[in-house]
Amino acid sequence: MTESEAILAAWDAYSDQHTDADSGGWPYDTSSYGWRMVQRDAETWRAFQPVRSSARELLATAAVQLQHLNAADVEPRWAWQLAELTRALDKLETLRRGHAEVREARRDLPPVPQKEFVDSLAERNEEAWDYLNTWATQGRALLDIHAVALKAPARVAGAGPAPTASPAHRPAGRSR
């Protein structure tokens with residue numbers, strides 16, 4: 001189980017225990033429930049950060065791998081999942097940049113109270129939740145595509161241009 005999956009499972013367990021199913025899922029204590037939601041959002045944002053820096057490359061690699069797989073090996077949902085992951089990453093990057101720009105614009109101003117700063121982070125994380133959840137639930141497609149690509153037979157010889165030897169590495173016995 002990934003960290004994001006563990007966070008989601010913990011949230012589901014908490015939500016199940018602290019809401020009234022008979023009243024449509026309303027929390028017993030809205031204040032505690034809200035704080036636990038803020039914690040979930042922050043944990044999920046932090047869990048995504050190690051992936052964020054290479055997410056574009058992971059998506060690009062999976063897209064190329066998907067193009068080179070035999071059609072029989074491709075799961076129909078993979079193209080959709082890659083599109084959803086790309087859309088979610090675009091939104092996450094917009095939120096990250098927006099928050100960074102606000103912080104940068106405030107750099108020369110007096111510091112904001114800690115509560116205001118924490119509230120702005122909580123707001124960003126709340127807005128990011130759906131997109132982070134997309135990565136938590138659909139991100140496994142990247143691993144699935146890669147696993148199938150590793151097992152795929154090598155490309156047929158002649159399918160691409162043959163490598164050429166550079167003049168410095170020309171095989172012995174050949175002359176110009």
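The values are calculated or read from the model by the stated rules, or taken from the named source; none is laboratory data. Note that the coordinates shown come from a computational prediction; the quantities given were computed from them, not determined experimentally. Counting neighbours? That spans all protein chains shown, and the Cβs are built from the backbone with ideal geometry, glycine included. To get the accessible areas, we keep the full protein, side chains included, count just its heavy atoms, and leave off ligands, DNA and RNA. Shrake-Rupley method; radii C 1.70, N 1.55, O 1.52, S 1.80 Å.
With protein chains left intact and a 1.4 Å probe, residues in the chain average 69 Å² of accessible area per residue. Principal-axis analysis of the Cα atoms of the chain puts helix 3-17 at an angle of about 30° to the longest axis.
Let me check against my output: what whole-number percent is the relative contact order of the chain, with C-alpha pairs under 8 Å and at least 6 apart? In percent, rounded to a whole number, it is 30.
Against the longest principal axis of the chain, how steep is helix 77-105, in degrees 0 to 90 to the nearest 10, with axes from Cα atoms? Between helix and principal axis, roughly 60 degrees.
Round to the nearest 10 and give me the degree value, 0 to 90, for the angle of helix 140-151's Cα axis relative to the longest principal axis of the chain. Around 20 degrees separate the two axes. Per-residue ellipticity at 222 nm from helix content only, as computed over the chain with -39500 (n - 2.57) for each DSSP H run of at least four residues, stands at -23000 deg cm²/dmol. The three principal axes of the Cα atoms in the stretch 1-134 give end-to-end lengths of 55, 51, 22 Å, sorted in falling order.
Averaged over residues, the count of other Cβ atoms within 10 Å places the peptides 141-149, 15-23 in the sequence 141-149, 15-23, highest first. The loop-placed trypsin sites (Lys or Arg not before Pro) in the stretch 23-126, going by DSSP, that have at most 16 neighbouring Cβ atoms within 10 Å of their Cβ come out as R106, R107.
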